[in-house]
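Remarks on the structure that follows.
The values are calculated or read from the model by the stated rules, or taken from the named source; none is laboratory data. Values in this document were obtained by computation on a predicted structure and should not be read as measured data. Glycine gets a Cβ as well: all are built from the backbone with ideal geometry, and neighbour counts include every protein chain shown.
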Amino acid sequence: MILSNIIFFLILGVNNTMSENLRLTRFNKWIEEHNFHIFNDDHLVHVFENWVNNDKFIDQTNSEGLLYKLGHNAYSGYSFDEFREIMSFDFNRNLISSLKTNDSIDTIKVPVPLSVDWRYQGVVNTVKDQGQCGSCWSFSTIQALESASVIKYGKLYSLSEQELVDCDNFINHGCNGGLMDNAFTWIGKKNGICSDADYPYVSGVTKTAGTCKKTCKNQPNTDIIKYIDIIPNSDIEMMSALAQQPVSVAIEADQREFQLYSSGIFTGTCGTNIDHGVGLVGYSDDYYILRNSWGKSWGVNGYMMIGKGNDPATGKPYNDGAGQCGLLTTGSYPVV
């Protein structure tokens, strides 16, 4: 469904200028590129208004000479409030704040190399897409388990987030948030988890959990013996964990800059109100490599370089040591 020039000018009340014609062309191209579903004319106008607001925000932010850039992606048609609701940030934040973390922290320290990037070791699957479901916790859990399994046993499986969304519902809440440590425990009690080929992900479209299916078989070498919580508020502890394998972390992602992040080292204002589960697959001198579950249109093919160490704006550790967006507060990884 393409927006016409007539509707465009009626909405904005602007003159038919070259720059506004270009904006309309770019919007129509964006709809086609991302196959954005439009329900009717009213919805089309609403999406367009969101897209224009985001377009102006992108231009303004990119003009400030920051270490990162913003850009359009599959989520550019949503206002920030709509995006926050789709991703269940508020549900996740409330869930995380209501539960205690694991008291048995027993991080295994190893030498810390200058940099790590597990993407080039054949132990990280392609970036996945949680869609319109607050199931980030399941994607964070699964990506950590996939990597742990191949590092130890030599075969990379693509495992089922949908099984977690449908079946792990003792404390976790499907599309309304969950915790990775709880999911690690659930998989351990079940002695493994199915492949996503046998139990494919559909909640990104249905926007809800389904009925738990018990017909698929666990993939080999996916049983979780235990999980380890990383000592919080320490870059050294996080780097030591990442030297062993990719890890799961929770962050605060309810930032408009985060929604529209495109490239560069993300150093924008970002607190510690944790609301989103992601993975870390490595680090360099001044950034961690964050693996998201918002598809490849977001960030750098689904990844973000997120600030590490000291905030260049203050010269002090991000969030008083809690890490950029709080990523040093709740890290963990499974042992298989």
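Scanning segment 34-82 for residues that are under 25 Å from Met305 (Cα atoms) and free of Cβ contacts under 8 Å to residues at least 24 places away in the same chain yields Lys56, Asp59, Gln60, Asn62, Ser63, Glu64, Gly65, Asp81. Take the conditions modelled with pLDDT of 95 or more, assigned by TED's automatic domain parsing to the domain that holds Thr269, small (Gly, Ala, Ser) and surrounded by fewer than 17 Cβ atoms within 10 Å (Cβ to Cβ) and apply them to Ser138. Does it pass? No. Against the test of being touching an Asp or Glu at 6+ places or on another chain (Cβ under 7 Å) and assigned by TED's automatic domain parsing to the domain that holds Asn172, the options Tyr283, Tyr199, Tyr288, Tyr261 yield a single qualifying residue, Tyr199.
In segment 174-261, counting only helices (runs of 4 or more DSSP H) that sit wholly within it, none holds 3 or more residues that are under 26 Å from Ser79 (Cβ atoms), over 21 Å from the mean Cα position of the chain (by Cα) and modelled with pLDDT under 95.
Does Ser203 count as under 18 Å from His276 (Cβ atoms) and buried (at least 22 other Cβ atoms within 10 Å of the Cβ)? Judged against the criteria, Ser203 is a match.
Within segment 278-306, the set of residues being at negative phi, small (Gly, Ala, Ser) and surrounded by 24 or more Cβ atoms within 10 Å (Cβ to Cβ) comprises Gly279, Ser293. Beta carbons closer than 8 Å, at least 6 apart along the sequence or on distinct chains, pair a first residue in segment 217-234 that is closer than 24 Å to Tyr157 by Cβ with a second that is surrounded by fewer than 18 Cβ atoms within 10 Å (Cβ to Cβ) and among the acidic types (Asp, Glu) for Lys217/Asp198; Ile228/Asp106. Taking first residues from segment 84-106 that are closer than 23 Å to Glu237 by Cβ and at pLDDT 70 or above and partners that are β-branched (Val, Ile, Thr) and in a loop (DSSP other than H, G, I, E, B), the Cβ contacts under 8 Å between residues at least 6 apart in sequence or on separate chains come to Ile96/Ile274; Ile96/Thr330. Sub-6 Å Cβ pairs linking a first residue in segment 116-127 that is closer than 11 Å to Pro246 by Cα to a second residue that is hydroxyl-bearing (Ser, Thr, Tyr) and part of a strand (DSSP E or B), at least 6 apart or interchain, are Val116/Tyr283, ordered by first then second residue. Candidates are the residues of segment 149-170 that are touching a residue at least 60 places away in the same chain (Cβ under 8 Å) and surrounded by fewer than 24 Cβ atoms within 10 Å (Cβ to Cβ); the one that is nearest to Ala74 (Cα to Cα) is Tyr157. Look at Val124 and say whether it is β-branched (Val, Ile, Thr), at negative phi, modelled with pLDDT under 95 and crowded, with 16+ Cβ neighbours inside 10 Å. No; evaluated as a whole, the condition is false for this residue. Restricting attention to segment 295-325, the residues that are closer than 22 Å to Ile236 by Cα and touching a helix residue (DSSP H, G or I) at 6+ places or on another chain (Cβ under 7 Å) add up to 8.
Residue by residue, here is whether (1) of a type in the set (Lys, Arg); (2) crowded, with 18+ Cβ neighbours inside 10 Å holds:
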| site | (1), (2) |
| --- | --- |
| His43 | no, no |
| Val47 | no, yes |
| Asn53 | no, no |
| Ile58 | no, yes |
| Asn62 | no, no |
| Gly65 | no, no |
| Lys69 | yes, no |
| Tyr75 | no, yes |
| Glu82 | no, no |
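Are any of the residues in segment 179-186 in contact with a strand residue (DSSP E or B) (Cβ under 9 Å, 6 or more places away or on another chain) and surrounded by fewer than 17 Cβ atoms within 10 Å (Cβ to Cβ)? Taking every residue of segment 179-186 in turn, none turns out to be in contact with a strand residue (DSSP E or B) (Cβ under 9 Å, 6 or more places away or on another chain) and surrounded by fewer than 17 Cβ atoms within 10 Å (Cβ to Cβ).
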